[in-house]
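To start, the structure under review is shown below, and the notes come after it.
The values are calculated or read from the model by the stated rules, or taken from the named source; none is laboratory data. Keep in mind it's a predicted model, so treat the numbers as computed, not measured. For neighbour counting, all protein chains shown are included, and Cβ atoms are generated from backbone atoms with ideal geometry for every residue, glycine included. SASA here: full protein model, heavy atoms, side chains in, ligands and nucleic acids out. Shrake-Rupley method; radii C 1.70, N 1.55, O 1.52, S 1.80 Å.
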Amino acid sequence: VTKTPTLAYTSTPTSTATAINTPTHTATPTFTQTATIAPTSTAIFAPASIDPARISFQEIIASGLTKPVLVTNAGDGSGRLFIVEQPGRIRIHKNGILLATPFLDIQSLVKSTGGGEQGLLALAFDPSYVANGNFYVAYTTPRNRDSTGSNLVLEKFSVSANNGDVANPNSGVVLLTV
C-alpha cells in the first residue's frame, strides 16, 4: 500500500528547504510538494483500551527483600523474576521461591546511605542475554574525597558459566562513570 502525504514547507524567502531525494529548492514564502512514501516496517497496534477494573495485582513475595526498587526478567523464557535491592543486591524469584543466594551482590561498591536516590538503581539484560550472558547495572558509588557526593556508574557483568542463577562478580567492566 502506498500512501501519498503532502509535505508543506514554510520559510522566509532567503532560506532553503530540502526534501529527501529531490534537488534543493529556494523556498518562497510557502510551497507544497507531494511525495510518495512506501511503508518500510510493520506497525504493531496496542489494544484500543484497557479496562482498569480488570487489572489486579498479586503479592508474590511477602518478606525477605531489602528496599526493592525494580522487578524485571531476563527475556530468556525461564520465568525468573530479578529483583533489584537498593543497597546493592539482585535477587531471583524462581518457581515461587525467593532464592537465598543473590544473583549479584555488589553492596561493597554501592553507596546507599539513607536511601533516597542512591544505591543500585537499574538492571538491563543484553538483547542477546541467552547467548552471551551479559547484563548491565547502574548504581551510585562514593565520590573520591567527598563524603556527601556520589558518582553514577554503568557496569557490565556476565552470568556465571556454572550456574545461571548467579552472576560472576569478577566479570564487572565499568562502561561509564558520571
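Remarks
- Restricted to segment 103-118, and to residues there that are open to solvent by less than 30 Å² (accessible area, probe 1.4 Å) and in contact (Cβ under 8 Å) with a residue 60 or more places away in the chain, the residue that is farthest from residue 74 (Cα to Cα) is 106.
- Exactly one residue out of 122, 131, 53, 100 is under 23 Å from the mean Cα position of the chain (by Cα), without any contact (Cβ under 8 Å) to a residue 24 or more places away in the chain and either open to solvent by 30 Å² or more (accessible area, probe 1.4 Å) or farther than 21 Å from residue 176 by Cα (or both): that is 131.
- The single condition among (1) over 18 Å from the mean Cα position of the chain (by Cα); (2) buried (at least 19 other Cβ atoms within 10 Å of the Cβ); (3) over 23 Å from residue 63 (Cα atoms) that residue 143 does not meet is (2).
- Qualifying residue in segment 157-176 (condition: of a type in the set (Asp, Glu) and more than 17 Å from the chain's Cα centre (by Cα)): yes
- Filter result for the condition that a residue is in contact with a Ser or Thr (Cβ under 8 Å, 6 or more places away or on another chain) and over 18 Å from residue 65 (Cβ atoms), over 168, 163: 168
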